[in-house]
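These notes concern the structure reproduced below.
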Amino acid sequence: MSYAARAPPVLAAALILFAALWVPTPAVAADEPTASFDQDVTTVTRGDVVEIRVSHSEPGTLHIGGDDYGYHLAVNLSGSGTTTITIDTYNSTGAPETYVSGGGNKTLHTAELRRPLEPATYMMNVTIGGVERAIGQLEVETRGNSSATTNAAPASVNESDSKPKPEDIRELLTPREKVAKGDLAVIQLNESGLESALNPNDVSGGANASGIELSLNQLEVRPNHEQKTFIATPENGTTVVPDFDNDVVYVLWDTTDLPIEGDEETYEARLTLNGNHSDFVEEDTITARSRVRLVESTVSLNVDNETVYPWESLRVDVNGKTTLAPGTTIELRAREPGEPFLKLVPITVEKDGTFKQNLTFAPKDRGQSFPMWIRDYRDETERTMRLLEADANLRFVDQETDGTFVTISQVNLSVGGFVTVETADEEQLGTSSYLPPGSHKNVVVDFDRRQLTDSGLLAIAYADRNRDENFSRAFDAPYRTGGFNVTNTTNTTDSTNVTNESAGTIVADDALVRLEPGAKTPTPTPTAEPTSTTTPTATPYPVVERTALDPDDSGTNAGIPLSPGLAVVALLLTGLLARRL
């Protein structure tokens, strides 16, 4: 028999065997109800509010607890979808309608509670049509220990008409016990389970405050005095700002009116639960405390360069320290008496209580002298700024000398310095002693070596740039009619950082000096210091005088007849002076 002829009987037998072995599977009903919890275990701290989210396809009932727990709550779930049930675990001592929201009818199958819902693990289930469709747990945890920390914050946090927001407070907090009077002492309470009990508008410990008392208590009680205690009320300068999302409560205490005796007053901030009005404790219990060291607000000001010399930049560095809270904005003020303000500069206090600022004045401000201070702290911070300008002139008249000295008739130096005397070929003969700022008459310049011939000499005014009162040609530079060009960015006495590029002509004068072996050095003549007053930008300095040599009336700068050879020297000196200038 061929395979083709046998195939149909084999296929029929296989179908008969398959039919004998097949057993149909029961089908699931398309309308079977379902339910589920958003979280299998929902956790809450005793005293806080908890949300329980239930999804259900048909109306049903949420059950929490049971007879074995001494607490059995049933809440009807209407319709279908997701229902959110909210339970206030602190105010759970009355009828369920007073502390349970969401869902339909609420039924308590056990006696009403006399205290807030006790810590325990409560079973939960959802029934639909009497059949359990979902199970879960409600974990009510024991209240943890509250804690407190002290922070300082600028008074500006409270300047807005509206209550500060927690995020605004956090940005300006600096953890520290020391708080300057007038700033905010911010007590940060790390609370546990106080969400429902806390009434921010009443923390006096009474019934309306749910027994919660926030107070500031004087620690050092002086003889014959009573301890001072301040409740955190608006009348005492206090604002309570809850941040329950982070389990924190901020108590902002304006310290302006808090008493302080001596350099420092120590207070203790306390969170107390009053047993007569709190459902958490049987007797008064302090659950958190932190100290506040109240000190006077002080500010010190340092100016690195109160006197700015003409060859220095007009950049001024100021710095200081303060007990004010970090983040506080203080105002630096500078003004010329009787004139508008030169500077009104806001400065922010750093985390370590210091502050610093760089000021740059304008070139037109040179020559001014003015006070600079911190607003509201003028008595302890005022400094006098002097922006000196370069101004000098001198008069060197023709004269006779024994070859060891010459006399400069008149010298005016705004910032002090020296007068040097040179020959026509720029050879230095001598330098005066240091001349303080001001006017000087008959300044004697002793020569380093004797002058042997009649000569035309040049006197040049130099500034003492390194202020050491010793002449140094490497550093000290001539006064110029246009002042000094400043190329350095910082004020320094380092000669490598200061240049004296041409800003005008050199302040100098020439004279013809004739050798006369019998000439004597003039005898100094004491002169009383000037009694006239000066403007704030000028400083009175003594006038140094010596006996003057009488010049010839025939010329402004001539008192000696010129020989033919000396006339040639005079012409050379004129050329030298023109080249130097």
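The values are calculated or read from the model by the stated rules, or taken from the named source; none is laboratory data. Only a predicted model underlies this, so the values are computations on that prediction, with no experimental measurement involved. With ideal geometry, Cβ positions are generated from the backbone for all residues, glycine too; neighbour counts draw on all protein chains shown. Accessible surface areas use protein heavy atoms only, side chains included; no ligands, DNA or RNA. Shrake-Rupley method; radii C 1.70, N 1.55, O 1.52, S 1.80 Å.
Partners of Lys441 within straight-line reach, counting aspartates and glutamates whose Cα lies under 17 Å from its Cα and excluding those fewer than 8 residues away in the same chain: Asp391, Asp398, Asp509, Asp510, Glu529, Glu545, Asp550. Model label points for Glu220 and Glu139, set 7 angstrom from Cα along the Cα-to-Cβ axis, are 4.8 nm apart. Sorted on the mean count of surrounding Cβ atoms within 10 Å across their residues, most packed first, peptides 218-230, 403-415 read 403-415, 218-230.
Dipole size in debye (nearest 20) for the stretch 158-208 around its Cα centre, Lys and Arg Cβ +1, Asp and Glu Cβ -1?
Computed about the Cα centre, the dipole is about 200 debye.
Find the Cα radius of gyration of the stretch 53-186, compare it with 2.2 N^0.38 Å by division, and give the number to two decimals. Against the empirical 2.2 N^0.38 Å value, I get 1.57 for the stretch 53-186.
Taking a ≥ b ≥ c as the square roots of the eigenvalues of the alpha-carbon gyration tensor, the stretch 136-243 is classed oblate because a/c is 1.5 or more while a/b is no larger than b/c. For the stretch 120-168, taking Cα atoms only, Rg and Dmax work out to 22.9, 62 Å respectively. Ranked from largest, the principal axis spans of the Cα set of the stretch 243-386 equal 78, 37, 24 Å.
For the cross-link pairs Lys181/Lys356; Lys178/Lys356; Lys106/Lys163; Lys181/Lys351; Lys163/Lys228; Lys163/Lys356, which exceed 29 Å when the distance is taken from alpha carbon to alpha carbon? Could you put the intermediate results ahead of the total?
Numbers: Lys181/Lys356 22 Å; Lys178/Lys356 21 Å; Lys106/Lys163 37 Å; Lys181/Lys351 18 Å; Lys163/Lys228 27 Å; Lys163/Lys356 31 Å.
Long pairs (Cα-Cα over 29 Å): Lys106/Lys163; Lys163/Lys356.
Rounded to the nearest 20, the size of the Cβ-charge dipole of the stretch 88-164 about its Cα centre is 160 debye, with Lys and Arg at +1 and Asp and Glu at -1.
Whole-Hz Karplus values for the stretch 455-472 come out as 8, x, 10, 10, 9, 10, 8, 10, 8, 7, 5, 8, 6, 9, 6, 10, 6, 9 Hz, taken residue by residue from phi with 6.51 cos²θ - 1.76 cosθ + 1.60 and θ = phi - 60°; glycine and proline positions read x. Each residue of the stretch 374-383 was assigned a 3J(HN,Hα) from its phi angle through the Karplus expression (A = 6.51, B = -1.76, C = 1.60, θ = phi - 60°), giving 9, 4, 6, 9, 5, 4, 8, 10, 5, 10 Hz with x at Gly and Pro. Here the Karplus curve 6.51 cos²θ - 1.76 cosθ + 1.60, taken at θ = phi - 60°, turns the phi angles of the stretch 102-116 into couplings of x, x, x, 4, 10, 10, 9, 7, 10, 5, 5, 6, 9, 9, x Hz, with x standing for Gly and Pro. Here the stretch 261-275 is scanned for amide nitrogen atoms under 15 Å from the site 7 Å beyond the Cα of Arg115 along Cα-to-Cβ, giving 274-275. Scanning residues 5 or more positions from Gly103 or on other chains, those with amide H under 5 Å from its amide H are Thr84, with H placed 1.01 Å from N in the peptide plane.
Mind ordering 127-139, 504-516 by average Cβ neighbours within 10 Å, highest first?
Numbers: 127-139: 15.4, 504-516: 19.9.
Answer by packing, highest mean first, reads 504-516, 127-139.
Using 0.36 nm per residue and subtracting the Cα-Cα separation, the extra length available between Gln428 and His72 on full extension is 117.1 nm.
When nucleic acids and ligands are ignored and a 1.4 Å probe is applied, Glu58 ends up with an accessible area of around 70 Å². Approximating the spin labels as points 7 Å out from Cα along Cα→Cβ, the Ala207-to-Glu171 distance works out to 4.3 nm. What's the center-to-center distance, using Cα atoms, between the stretch 166-189 and the stretch 42-117 in Å? Their Cα centres are 39 Å away from one another.
log₁₀ I(q)/I(0) of the stretch 55-100 at q = 0.18, 0.26, 0.31, 0.34 Å⁻¹, via Debye over equal Cα point scatterers, no solvent, to two decimals? With one equal scatterer per Cα and no solvent, log10 I(q)/I(0) is -0.62, -1.01, -1.14, -1.21.
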